[in-house]
Amino acid sequence: MHARRLIVAAIVLPVFYYYVMYLPRGFFLALVCVMSFISQAEFLAMYKVKEYQRYFFSLFGIIPICMTYKYNDIPTSLIVAMLAVVLFGRLFVRKYPENALMDIAPYVVSFLYIPLMLSYFVKLRAIGPEMVIFLCAIIWGADSFALYAGKAIGKRNLYKQMSPNKTIEGAIAAIIGAVICSLLLKAYFAIHLSLEKASVVGIILGMVGIVGDLVESMFKRDADVKDSGSLLPGHGGILDKIDGMLFSAPTLYYMLILLTH
């Protein structure tokens, strides 16, 4: 399992770095749209949504990401309109009121949880491609610190009901790893943050990344699945790989606004 993880990482990470840093913004938009489509489809599949419905709605979820690319914002009216489509769709596709809320919930949650959060990747890319790498390196680095520290010294469960394998020791290692990655990337990209501010960013993103992992674990346990998908050998699905970043992307975006103005 670990060998496959390392092989996939060794192949994907250099390609991802080049793609983000050196290709035009439109290519990055396409990547985020693909990530959103696959992740949302994986989420809806966990809740046994019919195949054609999950693909259609996941395609629909790309709209706010494209709106962010064009206007650097998502109009509230668009969010209201898309949620209205979900309600009207449930009303006309199924003509019986039973389980209406349970039927609607996966669509609404997946829309709020995935494409809206991923739209902040587009905002970060607009600030600079290095900010996307900065975020990904911190979250993935924190994950690696947590994984190996948890296996080596982890004894106390962090939140057993949601994720039995996560430990307090692993969580502490994740935050330490996030700070280390934040400081290294700050120096590498010459990001205009002091050492203190870069450390604070690392601490907060490390903590938010842990929350993101736990939120996805909550959904997976609720849906009674181990992984969101199997697209990445040894890593699970796309959603498994980006769960820690879904809340971290907006967190970093607003921290940058706060700390650099």
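The test for being under 16 Å from residue 138 (Cα atoms), crowded, with 17+ Cβ neighbours inside 10 Å and under 18 Å from the mean Cα position of the chain (by Cα) holds for residue 212.
Could we say that residue 166 is touching a Leu at 6+ places or on another chain (Cβ under 8 Å), basic (Lys, Arg) and either modelled with pLDDT under 95 or surrounded by 17 or more Cβ atoms within 10 Å (Cβ to Cβ) (or both) here?
Working: touching a Leu at 6+ places or on another chain (Cβ under 8 Å): yes; basic (Lys, Arg): yes; either modelled with pLDDT under 95 or surrounded by 17 or more Cβ atoms within 10 Å (Cβ to Cβ) (or both): yes.
Criteria met by residue 166.
One residue stands out among those in segment 41-70 that are closer than 18 Å to residue 84 by Cα and polar (S, T, N, Q): the one that is modelled with the lowest pLDDT, which is 53. Among the helices (runs of 4 or more DSSP H) confined to segment 1-118, the ones with at least 2 residues that are surrounded by fewer than 14 Cβ atoms within 10 Å (Cβ to Cβ) and in contact (Cβ under 8 Å) with a residue 60 or more places away in the chain are located at 2-22. Looking at segment 145-153, can you tell me whether even one residue there is buried (at least 18 other Cβ atoms within 10 Å of the Cβ), touching a residue at least 60 places away in the same chain (Cβ under 8 Å) and part of a helix (DSSP H, G or I)? Looking through segment 145-153, at least one residue is buried (at least 18 other Cβ atoms within 10 Å of the Cβ), touching a residue at least 60 places away in the same chain (Cβ under 8 Å) and part of a helix (DSSP H, G or I).
The values are calculated or read from the model by the stated rules, or taken from the named source; none is laboratory data. Just so it is clear, the model here is predicted, and its values are computed rather than measured. Neighbour counts are summed over all protein chains in view; Cβ atoms, including those assigned to glycine, are modelled from backbone coordinates with ideal geometry.
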